[in-house]
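The values are calculated or read from the model by the stated rules, or taken from the named source; none is laboratory data. Keep in mind the model is a prediction, meaning the values are calculated, not measured. When we count neighbours, we look across all protein chains shown, and the Cβ atoms used for this are built from the backbone with ideal geometry, even at glycine. Side chains included, ligands, DNA and RNA excluded: accessible areas come from the protein's heavy atoms. Shrake-Rupley method; radii C 1.70, N 1.55, O 1.52, S 1.80 Å.
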Amino acid sequence: MPEGLLGQLEVFFTWQNALLWLRATGTTVAMAVVGCGVGFVLANLLVLVRTWPSRWLLPLRVLIVLYVEVFRRIPFLVLIFLVLFTTRALGLHMPLFAVACVTVTVTATAFIAEIVRAGYESVHRNQWESAAVMNFGRLRTVALVVLPQAWTVIVPPAFSYFVMFIKETSLASQVGVYELMQAGKYFNNVGVSPFLAFGTCLAIYFALSYPLTRVGWRIERRLAHRFRRTSPAEPLAAPPVVGP
Amino acid sequence: MDYTFQWGVALRYLPDLLQGAWVTFHLTFIGFWTGLVVAVFLAVGQLYGSVRLRRAISAYVVFFTNTPSLVTAFFIFYGLPEIGILWSPYVCVLVNLVLNAGAFLTDVIRGGVASVRVAEMEAAETLGFSMLQKIRYVIVPHVAKVLYAPISNLYIVFILGSALAAIFGVEELTGTAFNIASETFRTIEIYSLAAAIYVVMTVVASVVLALVGRLAFRVRARVL
Amino acid sequence: MAQIELRGVSARYPSGGQVLDGVSLVVDKGEVVSIIGPSGSGKSTLLRVLVGLLPPSAGEVWLDGSRLDYADRKALTAARARLAIVFQQFNLFQNMTALDNVTVTPVKIRREPKASARARGEALLRRVGLGDKLGAYPDELSGGQQQRVALARALALGPEILLLDEVTSALDPEMVNEVLDAIRDLANEGITMLIVSHEMAFVREVSDRVVMMADGAVVETGPPGQIFDAPRTERCREFVSKILRH
Ligand SMILES: Nc1ncnc2c1ncn2[C@@H]1O[C@H](COP(=O)(O)OP(=O)(O)OP(=O)(O)O)[C@@H](O)[C@H]1O
Ligand SMILES: [Mg+2]
């Protein structure tokens with residue numbers, strides 16, 4: 001290890017730098033929160049339309065299935081460039097942060113839609129039937145009966161995806177968003193040792209991800225077996241194993 | 001909108017993109033399956049090793065599953081030369097992939113082995129199975145069934161994740177798209193084409209994995 | 001006047017073969033009709049057709065002299081507003097307490113005032129002997145208790161037509177008598193009832209008419225005295241003699 005490292009510590013750990021890191025951390029978290037938050041709402045809408053029993057919506061349903069399948073299969077890095085250049089071509093000069101948020105939203109919607117659909121499927125058919133016979137209508141059935149039972153199946157994997165997106169947004173540095181990874185690169189560029197620059201980066205990501213993962217486990221354990229399910233939860237087409 | 005699509009230009013570069021897709025394929029194929037071998041050893045170590053070994057493996061798993069692979073890649077790419085190790089970008093990215101895949105897969109495998117029910121083990125006990133027989137007839141078949149879907153799924157995740165190699169100048173699919181886009185300025189067309197190739201690649205991978213699973217492990221996997 | 005009339009109703013599940021095969025049946029207003037028959041003969045399926053969960057593949061269903069059009073959502077909603085069913089598996093909402101199961105439709109769907117719906121719900125649950133279980137979730141209740149919640153839920157809808165599928169199957173003898181009394185009261189109030197049951201003493205006691213089904217078709221229809229003591233068809237005699245021996 002270079003001997004300069006110890007000497008650098010003093011220069012590196014200043015108030016000003018700490019504030020820079022803090023801001024970068026905020027941006028990283030904000031991208032995941034905004035993207036997954038909006039994605040969660042959109043995913044619920046997609047599943048609602050996808051499961052709506054009307055012949056007229058068939059084309060829309062096909063589009064939704066395609067959307068969900070396709071956008072779970074495009075790398076974040078490629079997608080963020082597509083969003084960037086497409087919005088620019090459309091004459092929308094969105095800030096880079098917004099571009100990143102849109103990208104997270106687009107993928108998160110697809111991923112979470114799969115989770116929500118599996119949640120719907122985990123609720124026994126007889127619950128839908130009871131509601132139908134009592135004239136609940138589709139929206140009320142979902143709001144009063146299905147979601148209150150499905151959310152125990154939806155929340156844990158959705159939360160893991162949220163944690164995954166905190167890490168995934170490090171790729172947003174490639175279009176120039178000033179988030180954690182970008183901060184690491186900046187310090188490396190101005191001469192701070194890569195061990196120090198990227199090490200700090202790693203430490204902060206870890207400090208975000210590890211406790212949140214543990215929170216996720218606790219949520220999962222608490223929600224497990226909340227309702228007796230007359231049918232076992234359908235396995236997800238994509239099990240909620242979450243990547244790097 | 002002052003952007004005019006020129007799909008013709010983009011399509012002319014299709015062979016180059018496919019060349020890149022080939023690199024993506026062998027990068028992830030080698031990296032992921034090497035990672036799986038590593039993970040099998042680590043999972044065994046974690047289940048049957050000494051306390052110290054278990055702690056070390058846990059630390060490795062927890063570290064890599066809680067940090068972005070992009071940052072560990074930067075760490076390797078810029079850190080190693082500082083201590084005198086000079087690897088090509090491809091090797092750096094490959095090593096990073098193995099390390100990450102190894103960590104995620106260790107976690108998945110450990111969970112799967114832990115799910116072999118006590119009852120099944122006791123049944124094997126009463127039948128007088130030896131340790132090797134237990135592994136051969138009880139643990140491996142059960143674990144293969146439980147793990148097949150999550151491992152297949154992770155493989156897809158890692159194909160997509162390998163796009164970060166582009167940042168380090170590896171000319172895989174995304175890297176090739178980078179280069180072509182900056183030469184031709186047909187950004188939207190080129191990246192769309194690259195995205196389409198990723199979709200096709202991962203669908204093919206899913207289908208092949210589902211078929212292999214059905215034939216080799218009798219796993220009924222949903223293809224899509 | 002016939003309140004329910006089935007004319008040659010056939011039905012099949014999407015996944016299976018023909019389950020109902022040309023069932024014709026008339027139920028008058030205020031009449032209590034029981035359906036008996038071996039397991040798998042299509043009794044529950046018949047009730048599913050009536051509540052519109054399974055459109056018939058052939059034949060017609062008439063309610064109060066108008067044909068029920070299963071493709072017309074409005075007509076179906078109107079028909080369901082007059083019906084209530086207790087399913088064989090109870091189908092209580094798992095995420096709601098006993099009281100909420102009973103009051104959710106009156107309050108959220110029919111927009112009745114909360115306080116009166118609640119009071120009525122509590123009274124109904126007390127009537128079926130569950131006054132101390134208002135706040136219990138379905139998975140905290142025994143089968144018989146769930147069945148009684150389901151009955152209270154159906155009664156809370158104030159239906160003109162009540163469909164009961166094996167409503168006494170999970171009840172102890174004491175409770176059977178309570179339910180029997182309740183059903184008699186309802187019959188006196190003029191509610192039309194279609195009851196599926198294996199409990200022959202109960203059927204004999206409560207019904208005006210008994211319908212014997214086998215293999216998705218009606219075998220014999222008649223007053224309880226005829227069906228149980230002097231069945232006219234061989235199939236019915238065989239079935240009745242088998243169950244009465246218990
Ligand atoms: N959801 C379903 N999908 C396919 N077939 C079904 C379904 N439900 C019932 N069936 C079939 O329909 C036939 C009639 O079933 P039904 O439930 O109406 O019988 P039942 O007379 O109510 O029997 P039990 O007395 O056991 O309740 C059976 O052969 C059954 O296998
Ligand atoms: Mg039945």
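The rows are residues; the columns are (1) farther than 28 Å from residue C:126 by Cα; (2) away from ligand 1 (no atom under 13 Å from the Cβ); (3) of a type in the set (Phe, Trp, Tyr).
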site	(1), (2), (3)
C:40	yes, no, no
C:48	yes, no, no
C:74	yes, yes, no
C:84	no, yes, no
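Considering every residue within region C:138-151, establish whether at least one is away from ligand 2 (no atom under 16 Å from the Cβ), under 28 Å from residue C:62 (Cα atoms), within 14 Å of another protein chain (Cβ to nearest Cβ) and in contact with a helix residue (DSSP H, G or I) (Cβ under 9 Å, 6 or more places away or on another chain).
yes
Let me confirm something: among B:19, B:46, which residue is more than 15 Å from the chain's Cα centre (by Cα), assigned to a helix (DSSP H, G or I) and at pLDDT 90 or above?
After ruling out the rest, the residue left standing is B:19.
Being open to solvent by less than 40 Å² (accessible area, probe 1.4 Å), aliphatic (A, V, I, L, M) and touching a residue at least 60 places away in the same chain (Cβ under 8 Å) narrows it down to one residue among C:76, C:125, C:99, C:92; which is it? Please lay out each step first, then the result.
On the way: C:76 fails: touching a residue at least 60 places away in the same chain (Cβ under 8 Å); C:125 fails: touching a residue at least 60 places away in the same chain (Cβ under 8 Å); C:99 fails: touching a residue at least 60 places away in the same chain (Cβ under 8 Å).
Selected residue: C:92, the only one of C:76, C:125, C:99, C:92 that is open to solvent by less than 40 Å² (accessible area, probe 1.4 Å), aliphatic (A, V, I, L, M) and touching a residue at least 60 places away in the same chain (Cβ under 8 Å).
Would you tally the residues in region B:163-212 being hydroxyl-bearing (Ser, Thr, Tyr) and more than 10 Å from chain A (Cβ to nearest Cβ)?
Number of matching residues: 3.
Select the helices (runs of 4 or more DSSP H) contained entirely in region C:166-246, then report the ones holding at least 3 residues which are among the charged types (D, E, K, R).
Working: elements: C:173-188, C:200-206, C:224-229, C:234-244.
Once the helices (runs of 4 or more DSSP H) in region C:166-246 are filtered for at least 3 residues that are among the charged types (D, E, K, R), what remains is C:173-188, C:234-244.
Hey, could you check region C:33-62 for residues that are over 18 Å from residue C:159 (Cβ atoms) and of a type in the set (A, V, I, L, M) and say which is surrounded by the fewest Cβ atoms within 10 Å (Cβ to Cβ)?
Taking the candidates together, the pick is C:58.
Quick one: which residue in C:65, C:17, C:30 is more than 16 Å from ligand 1 (Cβ to nearest atom), away from chain A (no Cβ under 12 Å), small (Gly, Ala, Ser) and open to solvent by 40 Å² or more (accessible area, probe 1.4 Å)?
Criteria check complete, one pass: C:65.
Among (1) closer than 21 Å to residue C:193 by Cα; (2) at pLDDT below 95; (3) in a helix (DSSP H, G or I), where does residue C:102 come up short?
Every condition holds for residue C:102 apart from (2).
With the structure loaded, tell me whether residue B:128 is open to solvent by less than 60 Å² (accessible area, probe 1.4 Å), more than 13 Å from chain A (Cβ to nearest Cβ) and of a type in the set (Gly, Ala, Ser) or whether it fails that test.
Yes.
Which one of C:29, C:43 is within 16 Å of ligand 2 (Cβ to nearest atom) and in contact (Cβ under 8 Å) with a residue 12 or more places away in the chain?
Step by step, each of C:29, C:43 is checked, and only C:43 is within 16 Å of ligand 2 (Cβ to nearest atom) and in contact (Cβ under 8 Å) with a residue 12 or more places away in the chain.
List pairs: first residue in region C:143-159 and farther than 13 Å from residue C:193 by Cα, second residue open to solvent by less than 20 Å² (accessible area, probe 1.4 Å) and small (Gly, Ala, Ser) anywhere in the structure, Cβ distance under 7 angstrom, at least six positions apart or on different chains.
From residues that are farther than 13 Å from residue C:193 by Cα, the pairs are C:149/C:98; C:156/C:121; C:157/C:84.
Every residue, every condition in (1) surrounded by fewer than 17 Cβ atoms within 10 Å (Cβ to Cβ); (2) more than 10 Å from chain B (Cβ to nearest Cβ); (3) farther than 28 Å from residue B:201 by Cβ; (4) without any contact (Cβ under 8 Å) to a residue 12 or more places away in the chain, yes or no:
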{"residue": "A:35", "(1), (2), (3), (4)": "no, yes, no, no"}
{"residue": "A:44", "(1), (2), (3), (4)": "no, yes, yes, no"}
{"residue": "A:51", "(1), (2), (3), (4)": "no, yes, yes, no"}
{"residue": "A:56", "(1), (2), (3), (4)": "yes, yes, yes, yes"}
{"residue": "A:72", "(1), (2), (3), (4)": "no, no, no, no"}
{"residue": "A:100", "(1), (2), (3), (4)": "no, yes, no, no"}
